[in-house]
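Worksheet: one structure, shown below.
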Amino acid sequence: MVTSTSLKTTKSEEIFAAAQKLMPGGVNSPVRAFKSVGGQPIVFDRVKGAYAWDVDGNQYIDYIGTWGPAICGHAHPEVLQALHEVLEKGTSFGAPCYLENVLAEMVIDAVPSIEMVRFVNSGTEACMAVLRLMRAYTGRDKVIKFEGCYHGHADMFLVKAGSGVATLGLPDSPGVPKSTTANTLTAPFNDLEAVKALFAENPGEISGVILEPVVGNAGFIPPDAGFLEGLRELTHENGALLVFDEVMTGFRIAYGGAQQRFGVTPDLTTLGKIIGGGLPVGAYGGKQEIMSMVAPAGPMYQAGTLSGNPLAMTAGIKTLQLLQQPGNYERLDQITKRLTDGMLQVAQETGHVACGGQISGMFGFFFAEGPVHNYEDAKKSDLNKFARFHRGMLEHGVYLAPSQFEAGFMSLAHTEADIDRTLDAARAVMSNL
Ligand SMILES: *Cc1c(COP(=O)(O)O)cnc(C)c1O
């Protein structure tokens with residue numbers, strides 16, 4: 001456990017320096033490069049439970065959990081055991097496999113909107129496919145998304161997107177043709193009037209509304225009371241589809257996701273992260289009538305060489321089985337609340353303006369006057385202060401998301417002692433910010 005303020009990262013530095021010559025920015029996903037917080041990114045060697053160890057031997061309490069999938073704790077022994085067993089039968093079939101039925105049935109049982117599901121390899125793929133399906137089903141080309149919401153890196157969604165796009169301050173990405181994003185309309189999150197206006201300005205042209213029901217890619221932003229219900233009504237009235245991107249919130253803020261938690265059932269849902277248990281999986285699903293449009297049942301084409309492969313299905317099945325044990329979500333909620341309440345109290349005691357919150361094991365806080373309702377509010381956060389806070393926490397052995405515009409993730413492996421240590425670190429760091 002690192003307790004000093006001078007982190008030794010010699011090996012991380014060497015490996016990352018070499019990586020920068022091999023891969024753009026030294027990484028395979030932008031936020032890992034620590035651009036928005038500065039300083040040396042940490043090269044991981046191994047992970048277990050609530051912890052990560054870097055190549056220099058430093059140990060961290062990990063609040064990213066590989067961006068959500070590690071909800072049962074990293075490298076859970078039962079997940080590893082199941083993977084070992086299935087591995088012996090081969091890694092990919094490219095043919096139907098019984099394990100696909102098992103995971104499909106679990107997802108259909110859990111998620112209220114899903115009557116039929118298609119597995120893909122990432123959240124990006126799931127969102128790309130669901131957009132095609134929205135258009136195919138309604139015969140309309142336009143889609144409404146919200147500022148700061150991230151739906152993967154497909155062209156049509158790189159408009160006012162969150163996550164790495166927000167982190168790097170890219171307005172849009174070069175290489176995305178205007179013709180592609182011309183059909184992407186945006187509104188501020190939690191603003192029903194703005195959505196109403198878009199429907200009024202584009203009569204009969206909008207296929208649907210897609211959103212993160214609880215935003216995690218612009219920092220943590222919960223929906224205001226009535227927002228999700230309002231979207232359900234508006235889409236109904238306009239013959240459009242409501243799509244929840246639950247890649248992050250699915251099986252995280254409740255077993256049945258945000259739709260179960262808030263009692264609002266969308267027409268279609270995307271999933272990812274947790275359903276792969278740490279292996280690459282995404283999924284989209286919804287009403288049977290809509291899903292029947294997907295090939296080969298229907299004409300909307302979508303395919304994948306490695307989709308539904310036995311290893312990914314196995315990690316997902318085992319992870320969901322572990323999550324089904326009673327009391328897990330209550331425990332996640334309780335321990336995460338202790339962390340966020342504690343953080344806000346420390347901030348107050350040390351004289352920093354901060355706000356934040358959590359739902360179950362998903363959390364976030366901003367160095368800003370709260371409450372944060374949308375991305376505009378989130379951007380008022382003191383990013384410089386966050387960067388110094390992030391580095392300080394790292395030096396105290398706490399690994400937080402390296403961006404103010406990302407949520408944090410608790411796992412079932414985190415203990416009360418981990419929370420105590422984290423709050424002690426936060427007090428030490430915030431006292432010197
Ligand atoms: C992570 C995420 C995605 C993208 O998933 P990838 O597996 O990274 O492609 C899409 N939507 C949301 C809400 C996400 O959190």
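The values are calculated or read from the model by the stated rules, or taken from the named source; none is laboratory data. This one's a predicted model, so the numbers in the text were calculated from it and none came from an experiment. A quick note on method: Cβ atoms are made from the backbone with ideal geometry, for glycine too, and the neighbour counts reach across all protein chains shown.
One table, with the values for the structure above:
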{"read-out": "Some residue of region 111-126 being in contact with a Ser or Thr (Cβ under 9 Å, 6 or more places away or on another chain), of a type in the set (Val, Ile, Thr) and part of a loop (DSSP other than H, G, I, E, B)", "value": "yes"}
{"read-out": "Failed criterion for residue 104 (all others in (1) assigned to a loop (DSSP other than H, G, I, E, B); (2) more than 16 Å from the ligand (Cβ to nearest atom) hold)", "value": "(1)"}
{"read-out": "Some residue of region 179-190 being more than 16 Å from the ligand (Cβ to nearest atom), under 21 Å from residue 129 (Cα atoms), free of Cβ contacts under 8 Å to residues at least 40 places away in the same chain and not in a helix (DSSP H, G or I)", "value": "yes"}
{"read-out": "Test: residue 430 is closer than 24 Å to residue 32 by Cβ and hydrophobic (A, V, I, L, M, F, W, C)", "value": "no"}
{"read-out": "Sole residue being under 25 Å from residue 109 (Cα atoms), surrounded by 24 or more Cβ atoms within 10 Å (Cβ to Cβ) and within 11 Å of the ligand (Cβ to nearest atom), chosen from 211, 242", "value": "211"}
{"read-out": "Identity of the residue in region 361-381, outside any loop (DSSP other than H, G, I, E, B) and out of contact with any Leu (no Cβ under 7 Å at 6 or more places or on another chain), that ends up surrounded by the fewest Cβ atoms within 10 Å (Cβ to Cβ)", "value": "376"}
{"read-out": "Complete set of residues in region 238-264 that are closer than 23 Å to residue 73 by Cα and assigned to a strand (DSSP E or B)", "value": "250, 254"}
{"read-out": "From 251, 262, residue being of a type in the set (Phe, Trp, Tyr), more than 24 Å from residue 207 (Cβ to Cβ) and within 16 Å of the ligand (Cβ to nearest atom)", "value": "251"}
{"read-out": "Test: residue in region 156-171 that is within 25 Å of residue 289 (Cβ to Cβ), at pLDDT 95 or above and not in a loop (DSSP other than H, G, I, E, B)", "value": "no"}
{"read-out": "Members of region 346-360 that are touching a helix residue (DSSP H, G or I) at 6+ places or on another chain (Cβ under 8 Å), under 13 Å from residue 426 (Cα atoms) and surrounded by fewer than 16 Cβ atoms within 10 Å (Cβ to Cβ)", "value": "349"}
{"read-out": "Contacts under 6 angstrom Cβ, first residue in region 195-206 being modelled with pLDDT of 95 or more, partner of a type in the set (A, V, I, L, M) and surrounded by fewer than 16 Cβ atoms within 10 Å (Cβ to Cβ), 6 or more apart", "value": "none"}
{"read-out": "Any hit, region 125-142, residues being surrounded by fewer than 23 Cβ atoms within 10 Å (Cβ to Cβ), under 19 Å from residue 269 (Cα atoms), within 16 Å of the ligand (Cβ to nearest atom) and modelled with pLDDT of 95 or more", "value": "yes"}
{"read-out": "Residue list for region 35-91, filter: of a type in the set (Asp, Glu) and either in a loop (DSSP other than H, G, I, E, B) or at pLDDT below 95 (or both)", "value": "56, 88"}
{"read-out": "Failed item, numbered, when residue 175 is tested on (1) of a type outside the set (A, V, I, L, M, F, W, C); (2) closer than 18 Å to residue 133 by Cα; (3) more than 16 Å from the ligand (Cβ to nearest atom)", "value": "(2)"}
{"read-out": "Residue selected from region 265-286 under the condition of a type outside the set (S, T, N, Q) and in a strand (DSSP E or B), by the criterion nearest to the ligand (Cβ to nearest atom)", "value": "282"}
{"read-out": "Residue within region 90-111 that is in contact (Cβ under 8 Å) with a residue 24 or more places away in the chain, within 30 Å of residue 385 (Cα to Cα) and surrounded by 15 or more Cβ atoms within 10 Å (Cβ to Cβ) present", "value": "no"}
{"read-out": "Matching residues in region 15-42 - criterion: being of a type in the set (A, V, I, L, M) and closer than 19 Å to residue 396 by Cβ", "value": "37, 42"}
{"read-out": "Search result, residues across region 322-350 that are free of Cβ contacts under 8 Å to residues at least 60 places away in the same chain and within 14 Å of residue 412 (Cβ to Cβ)", "value": "325, 326, 327, 330, 333, 334"}
{"read-out": "Pair list, Cβ under 6 Å, 6 or more apart: region 21-32 residue part of a loop (DSSP other than H, G, I, E, B), other residue aliphatic (A, V, I, L, M)", "value": "27/33"}
{"read-out": "Condition broken by residue 16, with the remaining ones in (1) in a loop (DSSP other than H, G, I, E, B); (2) away from the ligand (no atom under 16 Å from the Cβ); (3) farther than 22 Å from residue 251 by Cβ satisfied", "value": "(1)"}
{"read-out": "Those residues of region 211-237 which are in contact (Cβ under 8 Å) with a residue 60 or more places away in the chain and either in a loop (DSSP other than H, G, I, E, B) or touching a His at 6+ places or on another chain (Cβ under 6 Å) (or both), in sequence order", "value": "212, 214, 216, 218, 220, 222, 224"}
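Yes or no, residue by residue, for (1) surrounded by fewer than 18 Cβ atoms within 10 Å (Cβ to Cβ); (2) under 21 Å from residue 219 (Cα atoms); (3) among the aliphatic types (A, V, I, L, M):
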| site | (1), (2), (3) |
| --- | --- |
| 12 | no, no, no |
| 25 | yes, no, no |
| 39 | yes, yes, no |
| 45 | yes, no, no |
